[in-house]
Each structure stands twice: as C-alpha cells, then as structure tokens.
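Some notes on the structure that comes next.
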Amino acid sequence: MQSYSVHIENQKKYLETSLTGRDLLRTPHLNKDTAFTAEERKDFALQGLLPNRIESMQEQVERAYKQYKSYESALQKNIFLHDLRSHNATLFYRLVLDHIEEIIPILYTPIVGDAVKAYSKEYRYPYNALYISYPDRDNITEILRQRDFQDIDLIVVTDGERILGLGDQGVGGVHIPVAKLMLYSLFGGTDPMRTLPIVLDVGTNNKEHSSAPEYLGWRHPRVNGQEYNLFIDQVIAAVKKEFPKVFFHWEDFGRDNAILNLARFRDKLCSFNDDIQGTAVITLAALLSALKITQGSWKEQRIVSVGGGSAGLGIAALMCVDMVKNGLTLKDAQKCFWMLNIDGLLTTESANTIPSQQPYLREASELNSWQIADKGHITLAEVVKNVKPTILIGTSGAGGIFTEEIVKEMAKHTARPIIFPLSNPTANCEATPENLIKWTNGSVLIATGSPFQPVNHAGKQIRIAQCNNAFAFPGIGLGVIATKATKVSDAMLWQAAKTIGDATIKLLPPREEALLPRINKAPDVAIEVALAVANQAVKEQFTALKADEITKELLEKHIWRPEYLPYRKKR
C-alpha cells in the first residue's frame, strides 16, 4: 500500500510522502509530471527524470486534450483516458471535469460497453482494481489486502453477469466498477484513493468469450445456486472484516442475483444497487419533472413498464413510494402498472414469475374484454391498445421495441405522452428520440438511458434528457460517507429523487422542457442530493450525527478535488 498523507498547515493542504525518483513518478495518484516545482524536483530526486520546463496543470490539461482529440475512434479515446489515469490520476480527473459533456459518454455509457467487450483483446491493467476469482475463494481476505490504499470508504463490485444491455461479459466487467468509481470522484468528490473496484469472476456462460484464446477470466460455466450464494457470503464476510463501515455498491449483477444480494445484505452492510436503486431514483426524478409539465397526478396515470427485471422493478417500487406519499394506498399504486417481460404482459397466470413481480401482476379476468391473439403471450402493442397508457417505460434491452405503430397508438389517447426508452447501450434503446418526436409531432416528453444529440423539430431544438444515474449515486455516496450511515433506506432514495427533480426546475433555462439538467450540472446536483440523504439518515437514526451537524461544511470535508498539492518529504 502506498505511503502518503495529507496535512493542513495555516489552512492550506500539503501532501507528505516518502516516495522519491521513479517510484514517485510511477505512482498515479501522486505523480504530477512536469508540474513538480524546482524545489520538489530537488527534494524528491526528480532532477534529470523530467524535462526542464515546469508547467501548470492547465498547460498539462491543454496538451492532454489535444492528445485525446487526436484519436479517431471512441474506443481509442477511452483507452487513452484509462492510460492517462494509470499514469497521472489527478490530471485525468481535471481533464474530464473541464470537458464533462464531451468525455463522459466516452468514459462511461455508451462506449464503456465497447471497452468491456474488448477487455481481453485490449488488456490494460485497470488501475487499483482487484480480481476475486471463484477458485481463490479461500483467500479473499489476502486478496483484499493487496489493495493500493489502506483506508477505503467505497467499494463498487460486479460479477459481470448483466453488463449494460450486453449480458454476460465475464471478467471484462471489471471496466464497469472502475468507470463507476470515476464518476463518484468526478461528481460526488469521493477521494479516488479511498475507493476500490472489484470484479467477482465466477465464470461465464458467454461462449464467445470463454472459447476465445485470449479470454483472461476463469474458463468455467458461471457458478450459480447455493455455490454462488456461499461464495458471496465469503466475499461479504471478508469485506466486513476489512472495512466494517464501507459503502458497498453492487453493479451489473443478473436480475435474480441482483435482487437477492441486495435483500440478503441490505441490513448487514451499507449496501446500494445502482441498477435497481440508482435507476429508480433518476427515473422517478425525471417522471416528477414530466408530471409538473403535464400538471398530472399519479392517480390519473396508466403506466406500462416493459422489462420485468431488476431495473424495471426498482423503478416501480420507488414510484410507488412517491405515490403513497401523495395519497394513494400501496395497493392502488401498484395497480397503476402493467408490466411486461419477454413473454408479454405479466398476469396471475404467467409462468416463471418471481416474488418481486407479484404486486404488479394483472388479474387474468381483467383481460376478458380485450381482443388479443394469444392469452399466453399478450404483446406490447395489445397492451398499449387496451390500456391507453400515459407513461411508457422501457428497461427491456430490446432495441426498437417501441415501434411507430405503438407510439402513435399511445399518442392518440394522451396529449403529452411520457416515454422513457432507458435501455443501454444506444443500440438497445427501445426507440430513438428523433423517431419519438416525429411520431408524436413533438408532443412527447422523453428521457433516455443513453446520451442522444438534440433533435430539431418544427424549427425548435429539443434537448434530450438522459436518465443518467450519475445524477444520483455520487450524491448518495457523498451523503452516506460524510455521515457514516449504516443503511441506504427507501426514504433516503426518495429524498434523492425529489431533490433531483427540484434541482431540475432551478437549473433548466426558461421554456426548456428537458426533464433533467445537463450532465455538467451533476456536481452541483450531487451536493444537494448528499444533504437530503444525510438529513434523512439522521431522521431514521442511521448515523450518530445530529441534525445541526448536517451542513455543506461537513460535506466539504469529504470532497476531493483534482488539484496538485505542495509536497513535503516524509522523514
């Protein structure tokens, strides 16, 4: 583990380290490259190891940006950014912050999917990541102690089973927690030297990967059932032993395991699943913005949700929390939904449903008056025609499933249809914003999962809101870490969604109907979300702090910023 410490003297920070020479230059989170001062070059044996000129960080950023722009493909740019981070982490974060809207889609969704697929072919050591493979399950504590940094506040972990809309990507899924933690640091100010990305390699059922000569993961069918659960037990036991107060973020697990893992450990370790809870928070925030525009109430809504997996169920559950807070009973709230999966509408007669879907199953008797071709497979088109939804949400991963016929049918019965095609990456999006706007003559209210360029319609440029979880999880993480909260509750998630919705109103330009702010406002939103989450943690007694201690000054103490500190030699 690296040797460094940060101190404050006369209200100014400085960093103390014993590393010198090439060891210092090879340490990404301490390397300043050409920005080391003349005094630092002398004190830390760097003379002769760097060019003579001393540069400012801004000069370094300008050079790095030119290098970034010189690459033609998005994947090449992604690789360059990871290489920069593995060489000079502070410069990397400064570069991204200075060009947020341009670089975030390259660094994360949708291009991170390309990086995941190409992982074994384009192998580069993912800085600071740990691999816990099933064959090493009896050495998990020892593996955790191989980490680069001693004190860890935040872990993001995946088992690679359901990466974005790409499915099982095995060990290549390591890119996801690495990228997710970057966003925690960029938007929520989480110190990257207090974070840890982990991939659990439990095999893969993706034959394209496992049969490829260059595949780097464990070549074995994916472990499941009791063996899998016992392995997760071992992981959590080791994590709790090493990091008893850590914020543990589950990412891109398969539907059943995602739901089960969160349920099993939510009360034992401060747990958060972004696919279930983060997606729910940002989707509810966008829906609240849409309802402000339509001036509609929940009791008037008919909601069709396509995708009965962890994301769709998480969204529905948090929507129900808001509905109940606005006067509906829980049962009435759940009856606002018509949920579909690959087999069509979920009813009480559907086979292979899971417990989390039960509250949303429609009674088969409700459909007696419907004209349907096959009662065993009631299609989306049939549901839309009979339900006449006001809200259509897609988490299906099925690109193009919101067809022209379906969208036009919906638009016949509601003046401002609310349509959220949320599946990632872009190719899996249920419908493009351009088509949705064309098919509804501009009346639609849209939020997407992937980023899209603005659409020109009737002489007006329409910005497309992205339901980017980066508006949610960085602020949630900051609030949890600053308060040392022991749990992320539904009420904390609801407060986060409400806060994002309120922030949208304040941050949008006049007369713009985008349902969420621009991504460059994410750091501002994170502060507000963190305060809301922290205050709720106090109310529910998940922290030892008192209400008067929850201030922006408290958060500021936990916010890391990409800036070079003066260095002093550790004696």
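The values are calculated or read from the model by the stated rules, or taken from the named source; none is laboratory data. If you're wondering where the values come from, they're calculated on a predicted model, not measured in any experiment. Backbone-built Cβ (ideal geometry, glycine too); neighbour counts: all protein chains shown.
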Restricting region 147-166 to residues that are more than 15 Å from V235 (Cβ to Cβ) and at pLDDT 95 or above, the one nearest to the chain's Cα centre (by Cα) turns out to be L154
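Here's the yes/no breakdown for (1) of a type in the set (K, R); (2) farther than 25 Å from I176 by Cα; (3) surrounded by 19 or more Cβ atoms within 10 Å (Cβ to Cβ):
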| position | (1), (2), (3) |
| --- | --- |
| L24 | no, yes, yes |
| E55 | no, yes, no |
| E59 | no, yes, no |
| K77 | yes, no, yes |
| N88 | no, no, yes |
Selection from region 422-471 of residues among the hydroxyl-bearing types (S, T, Y) and surrounded by 23 or more Cβ atoms within 10 Å (Cβ to Cβ) yields S423, T448, S450
Heads up, the helices (runs of 4 or more DSSP H) in region 116-227 (entirely inside) with at least 3 residues that are closer than 30 Å to A472 by Cα are 175-188
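Is there a residue being over 20 Å from the mean Cα position of the chain (by Cα), in the same structural domain as P421 (by TED's automatic domain parsing), more than 30 Å from D343 (Cβ to Cβ) and not in a helix (DSSP H, G or I) anywhere in region 297-310?
Yes: one or more hits.
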For region 534-547, pairs from a residue that is of a type in the set (S, T, Y) to a residue that is part of a loop (DSSP other than H, G, I, E, B), with Cβ under 8 Å and 6 or more apart or across chains, are T543/K484; T543/A485; T543/T486
Within the bounds of region 18-25, is there any residue that is outside any helix (DSSP H, G or I), touching a residue at least 60 places away in the same chain (Cβ under 8 Å), touching a strand residue (DSSP E or B) at 6+ places or on another chain (Cβ under 9 Å) and under 23 Å from L186 (Cα atoms)?
-> no
Given the conditions (1) on the phi < 0 side of the Ramachandran plot; (2) surrounded by fewer than 24 Cβ atoms within 10 Å (Cβ to Cβ), every one holds for T195 apart from (2)
Only one of (1) surrounded by fewer than 19 Cβ atoms within 10 Å (Cβ to Cβ); (2) in contact with a His (Cβ under 9 Å, 6 or more places away or on another chain) does not apply to F272, and that is (1)
Scanning region 217-257 for residues that are touching a Gly at 6+ places or on another chain (Cβ under 8 Å) and buried (at least 17 other Cβ atoms within 10 Å of the Cβ) gives G217, W218, R222, V223, F247, H249, D252, R255
